[in-house]
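To start, the structure under review is shown below, and the notes come after it.
Just so it is clear, none of the values below were taken in a lab; they were calculated from the coordinates. All of these numbers come straight from a predicted model, not from anything done at the bench. Neighbour counts run over all protein chains shown; Cβ positions are idealised from the backbone, glycine included.
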Amino acid sequence: GAVVSQHPSRVICKSGTSVKIECRSLDFQATTMFWYRQFPKQSLMLMATSNEGSKATYEQGVEKDKFLINHASLTLSTLTVTSAHPEDSSFYICSARNVAEETQYFGPGTRLLVL
Amino acid sequence: AQSVTQLGSHVSVSEGALVLLRCNYSSSVPPYLFWYVQYPNQGLQLLLKYTSAATLVKGINGFEAEFKKSETSCHLTKPSAHMSDAAEYFCAVTYTDKLIFGTGTRLQVFP
């Protein structure tokens with residue numbers, strides 16, 4: 001199987017601070033990773049596509065200056081929520097695309113609570 | 001653009017009963033199609049993947065899906081529900097590199 005990890009699993013921060021979430025593919029290389037946001041009792045909303053060695057591609061309506069994405073290696077993508085506000089509180093999930101299998105594998109998610 | 005429709009936001013079954021979760025997609029071209037399961041406060045786990053190699057695909061945990069091109073459907077079934085199957089189930093199809101998700105179906109299993 002393919003394993004994707006996320007860290008931290010849960011984070012509480014004060015309004016105005018920045019939070020970094022890491023997404024790692026543990027047993028395969030991923031040139032493409034994805035960041036999703038999930039509101040309670042809803043489906044996943046794609047925020048951005050993270051491309052190794054190049055700029056991320058953001059979905060319409062997602063502020064690229066607020067949600068900074070870095071994909072510096074073939075196994076790691078990071079999402080930084082800058083100047084977090086209570087409305088940024090959510091469940092953030094990453095996935096990594098295994099090209100050989102044409103399949104996205106998902107991380108366990110990060111619960112962000114901004115006070 | 002692709003779209004995915006999951007009929008029934010909630011499905012309730014008794015333990016031991018048949019599970020049927022419905023998924024229809026919009027494209028006339030058979031895509032890669034996936035079923036994922038999400039347990040509370042967790043990420044998505046791949047149940048099965050359809051890649052056009054066979055119309056009936058077996059997944060993990062006793063689930064399987066039958067792909068019907070004429071109906072543009074790929075419903076998920078399990079012959080006998082277990083309490084541990086209670087979760088949210090998502091159907092998704094690929095569109096370029098991205099996944100297009102359905103709205104999900106919450107499965108409840110009663111003893």
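Quick rundown of the values:
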{"item": "Cβ-placed point charges (K, R +1; D, E -1), dipole of the protein assembly as shown about Cα centre in debye, nearest 20", "result": "220"}
{"item": "Extension reserve of the B:Ile60-B:Thr96 stretch, reckoned as 0.36 nm per residue once the Cα distance is removed", "result": "10.4 nm"}
{"item": "Neighbour-count order for A:Leu79, B:Leu20, fewest beta carbons within 10 angstrom listed first", "result": "B:Leu20, A:Leu79"}
{"item": "Dipole of region B:1-83, positive direction: furthest Cα of B:Gly59, B:Tyr25, B:Asn41, with charges on the beta-carbon", "result": "B:Tyr25"}
{"item": "Cysteines without a disulfide-compatible neighbour (Cβ-Cβ under 4.7 Å), chain B", "result": "B:Cys74"}
{"item": "Alpha-carbon centroid distance for the pair region A:9-39 / region B:1-79, whole angstrom", "result": "27"}
{"item": "Chain B - convex hull of alpha carbons, volume per residue in Å³", "result": "95"}
{"item": "Unit Cα scatterers, Debye sum, region A:39-109: log10 I(q)/I(0) for q = 0.25 Å⁻¹", "result": "-1.41"}
{"item": "Relative exposure of A:His71, B:His82, judged by other C-beta atoms within 10 Å (fewest first)", "result": "B:His82, A:His71"}
{"item": "Estimated Rh, region A:11-53: Kirkwood, alpha-carbon pairs, angstrom", "result": "12.9"}
{"item": "Dipole in debye (nearest 20) - region B:6-72, about Cα centre, beta carbon charges: Lys, Arg +1; Asp, Glu -1", "result": "180"}
{"item": "Neighbourhood net charge (12 Å Cβ-Cβ; Lys/Arg +1, Asp/Glu -1) for B:Thr51", "result": "-1"}
{"item": "Pairs of lysines in chain A (C-alpha under 18 Å apart; 8 or more residues apart or interchain)", "result": "6"}
{"item": "Net charge, A:Phe39 excluded, C-beta distance under 14 Å - Lys, Arg +1, Asp, Glu -1", "result": "0"}
